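Asker: Right, I'll just put the structure down here and ask away after.
Here, each number is a calculation from the coordinates, and none is a lab measurement. Because the structure is predicted, anything quoted here is derived from the model rather than measured. All Cβ positions, glycine included, derive from the backbone under ideal geometry; neighbour counts span all protein chains shown.
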Amino acid sequence: MRMSRVDVRHLSLLVVGLALGGTGCDEHGAPLVTYEPPAPPAVPPSIEGASAAPASVGPGEVLSLGVTATVSRGTLSYAWTTTAGTVGARVGGSGGSEALWMSPSCLPADVTPSVTVTVTSDAGLSDSHTFPISWAGPACTRAPCSFSLEEGRLALAADCTTDSTLFVPDGYSFDGADHTVTAVDPPGGAFTGAVIRNRGGMARVHDVSVTASGLKDDCQTGAAGLRGILLEGASGEVVDSVVNGLNKGATSGCQEGFGIEVRNDDASRGPFRVDVLRNSVSAFQKVGILATGAVEVTLAENTVEGGGPVDHIARNGIQVTNGARARVTGNRVSGNAYTRADATSTGILVRRDTGAPLVTGLVVEGNTLTDNDIGIYLFQDAGDPPDASARARISNNVLQHGAVSNPYQAAIVDYYATGSLITSNDISGEGYDPATVPDGTFDVAVYTFHAASKLAFLTSAYDIAAGACSGRVTVQSQDKDGNLVPSEEAFSLKALGPAAPGVTFHAEPDCSGAPLTTVDLSKGHAEAAFYFKSSQPGAVTVEVSGGTLTTASQVQAIQ
């Protein structure tokens with residue numbers, strides 16, 4: 001069949017239209033043609049701006065780095081990498097990204113730190129920017145510890161060994177994630193300072209174990225002294241962590257090796273508030289836990305093990321010094337014992353240096369202290385009796401020592417008495433029994449310049465029902481400043497007032513047994529406890545009197 005030119009034209013347009021995806025026809029019946037031009041070639045993203053890197057950084061600093069980027073179409077992704085330290089992306093989006101970078105504790109001499117961000121488009125094209133960083137910190141001979149980093153949290157990635165201090169950035173938590181950090185000496189040198197410490201005014205440390213291995217017996221002092229975890233001039237906490245084996249050998253006498261230390265020597269700053277809770281400290285060299293200077297510290301539910309009698313160093317379990325304010329409660333402190341006559345070890349030591357502030361308002365309650373030369377030692381004379389009253393409260397502690405290993409042992413000592421309240425402590429064992437070694441073993445020893453002059457109730461008044469037994473009533477023989485002083489005089493119990501005829505006094509908490517008429521205040525703690533009940537309602541004044549001491553009286557209510 002022969003086709004005209006018009007037919008040929010229509011056929012060719014139909015073929016082209018079908019090939020190009022055209023649909024429909026024109027007024028002559030010919031297919032319509034739709035034409036889509038080819039897509040332009042993909043263009044890589046462009047980094048338009050980047051934050052400036054600081055001139056130089058030292059260990060434990062956190063930098064915030066950022067870039068902005070554009071792309072002609074599609075979305076962007078950002079990848080941050082670093083040659084050293086720890087980097088963590090913080091914010092990402094189509095217009096830009098930010099990342100945190102933390103500097104390491106040290107850097108090998110041949111490593112230059114830098115951070116690189118790579119921006120990638122949907123088409124797989126990319127652009128990158130590198131932040132050069134000038135290192136001003138120390139050099140190290142081993143790979144730094146590895147961490148993960150996010151806003152406010154630095155997490156240890158694995159057990160690690162370090163020959164320099166690990167810093168906690170200001171405002172951050174150091175999460176040990178149950179890993180162990182081991183301090184070692186650098187080649188040809190000695191480890192100095194703390195294994196972990198704060199960088200700024202706020203730090204938290206938790207769930208980490210700290211130890212040392214093979215440190216040479218090279219004594220350091222001041223800031224260079226060995227510590228496990230140090231918060232200096234900072235608020236925060238040290239909780240649920242372990243410090244074990246922080247020493248310079250089994251026989252080192254260096255006066256360093258503090259497990260946990262909270263310090264602020266600048267009284268114009270602070271006080272800084274720190275919680276030290278539920279930690280375990282053992283095999284330390286000198287002090288288990290130290291709080292010193294202008295700090296307010298809660299030390300609670302810690303376990304401090306001194307390791308037993310030694311002859312090369314006098315260890316102290318918990319030490320509060322130089323004006324620190326502390327609550328020391330629910331701790332277990334044991335085995336701080338020294339066998340030579342030139343010093344003693346202590347479970348809980350309170351002291352001050354010459355010219356330093358007095359520790360005042362101290363509370364030591366509910367602790368268990370076992371086999372320490374001195375269980376609790378208030379020693380703030382600094383060569384002379386203190387001018388002010390310390391007013392510590394030492395109460396309801398359990399103190400036990402089963403043997404004699406030091407020429408001087410005592411459950412509680414208050415040297416140059418500081419007006420502190422010492423009451424209701426449970427003391428036992430041959431090591432604290434005055435009869436074991438006369439003038440060598442003591443239960444409570446308070447050294448005061450004044451004789452006993454008054455009687456004082458240490459418990460509050462009661463409001464009880466007729467026929468019911470009261471709670472514990474404690475009375476103590478004291479000097480004019482409120483220091484306990486044992487008295488050999490006889491002291492009688494008496495009831496006065498409308499309900500007095502029905503009142504009886506008893507030694508047992510249920511008011512059973514024969515009635516009491518006298519109390520003994522001659523023992524080391526200079527106190528006696530008793531209970532009372534009344535068969536009839538009304539007001540009653542309970543009175544303890546005797547000898548030349550001022551009578552103690554207290555009004556009780558019987559309903």
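Asker: Per residue of region 263-269, in order, report the coupling 6.51 cos²θ - 1.76 cosθ + 1.60 (Karplus, θ = phi - 60°) as ³J(HN,Hα) in whole Hz, putting x for Gly and Pro.
Answerer: Using θ = phi - 60°, the values come out as 9, 8, 8, 9, 5, 6, 10 Hz.
Asker: Another one. So what is the calculated 222 nm ellipticity per residue for the chain, using -39500 (n - 2.57) for each DSSP H run with n of 4 or more, over all residues, to the nearest 500 deg cm²/dmol?
Answerer: Computed mean residue ellipticity for the chain: -1000 deg cm²/dmol.
Asker: Tell me which of 331, 234, 245 sits at the most positive position along the dipole axis of region 232-339, charges placed on C-beta atoms (Lys, Arg +1; Asp, Glu -1).
Answerer: Of the options given, the answer is 331.
Asker: Right, here's the next one. Assuming 0.36 nm per residue, please report the length gained on full extension of the stretch residue 548 to residue 218 beyond their Cα-Cα distance.
Answerer: Full-extension gain reported as 112.9 nm.
Asker: Identify the residues of region 306-333 with backbone N under 16 Å of a label point that sits 7 angstrom from the Cα of residue 340 along the Cα-to-Cβ direction, or state none.
Answerer: 309-316
Asker: Extension gain residue 523-residue 388, at 0.36 nm per residue separation less the Cα-Cα distance, in nm?
Answerer: Stretched out fully, the residue 523 to residue 388 stretch lengthens by 45.9 nm.
Asker: Counting alpha carbon pairs within less than 8 Å and at least 6 residues apart, what relative contact order, in whole percent, applies to region 220-446?
Answerer: Relative contact order of region 220-446: 13 percent.
Asker: When a footprinting reagent is the concern and you count Cβ atoms within 10 Å, what order do 202, 102 take, fewest first? Spell out each step's value before the answer.
Answerer: Details: 202 18, 102 22.
Lowest to highest Cβ neighbour count: 202, 102.
Asker: For region 297-420, what proportion of DSSP beta bridges, expressed in % and rounded to the nearest 5, is antiparallel? If you can, show how the numbers build up before the last one.
Answerer: On the way: 0 of 37 bridges.
Just about 0 percent of them are antiparallel.
Asker: Further, regarding this structure: How much of the DSSP beta bridge set in region 220-446 is antiparallel, as a percent to the nearest 5?
Answerer: 0 percent
Asker: Quick check: Cα centre of region 491-511 to Cα centre of region 355-417, how many Å?
Answerer: Distance between centres, Cα-based: 34 Å.
Asker: Once you keep just the Cα pairs under 8 angstrom separated by 6 or more residues, what percentage relative contact order results for region 59-202?
Answerer: Relative contact order for region 59-202 comes out at 21 percent.
Asker: I need the calculated FRET efficiency for the pair residue 81 and residue 251, taking r as the beta carbon distance and R₀ as 45 Å, to the nearest 0.05.
Answerer: So, using R0 = 45 Å, E works out to roughly 0.40.
Asker: Sticking with this one: By DSSP, what percent of the beta bridges with both residues in the chain are antiparallel, rounded to the nearest 5?
Answerer: Numbers: 65 of 179 bridges.
DSSP beta bridges in the chain are roughly 35 percent antiparallel.
Asker: OK, next. Given a Förster distance of 25 angstrom, what is the FRET efficiency for residue 153 paired with residue 116, based on the Cβ-Cβ distance and rounded to 0.05?
Answerer: FRET efficiency, residue 153 to residue 116: 0.60.
Asker: Report the one residue of 545, 440, 138 whose Cα lies farthest in the direction of the positive end of the charge dipole of the chain (charges on C-beta: Lys and Arg +1, Asp and Glu -1; origin at the Cα centre).
Answerer: Of the candidates, 138 comes out farthest on the positive side.
Asker: Sorted from fewest to most neighbouring beta carbons within 10 Å, what does the list 227, 472 look like?
Answerer: Exposure proxy ranking, most exposed first: 472, 227.
Asker: I need the calculated FRET efficiency for the pair residue 426 and residue 266, taking r as the beta carbon distance and R₀ as 56 Å, to the nearest 0.05.
Answerer: Taking R0 as 56 Å, the efficiency between residue 426 and residue 266 is 0.90.
Asker: Taking neighbour Cβ counts within 10 Å as the exposure measure, how do 268, 241 sort from fewest upward?
Answerer: On the way: 268 5, 241 27.
Ordered by Cβ neighbours within 10 Å, fewest first: 268, 241.
Asker: How many Lys pairs in the chain lie less than 15 angstrom apart by Cα atoms, where the lysines are 8 or more positions apart or on different chains?
Answerer: Values: 216/248; 248/286; 454/480; 494/533.
Lysine pairs satisfying the spacing and distance rule in the chain number 4.
Asker: Shifting gears a bit: Which value, in debye to the nearest 20, gives the size of the charge dipole of the chain about its Cα centre, when Lys and Arg are +1 and Asp and Glu are -1 at the Cβ? Kindly include the intermediate steps, with their values, before the conclusion.
Answerer: Details: 33 positive and 57 negative charges, 185 e Å.
Once rounded to the nearest 20, the dipole reads 880 debye.
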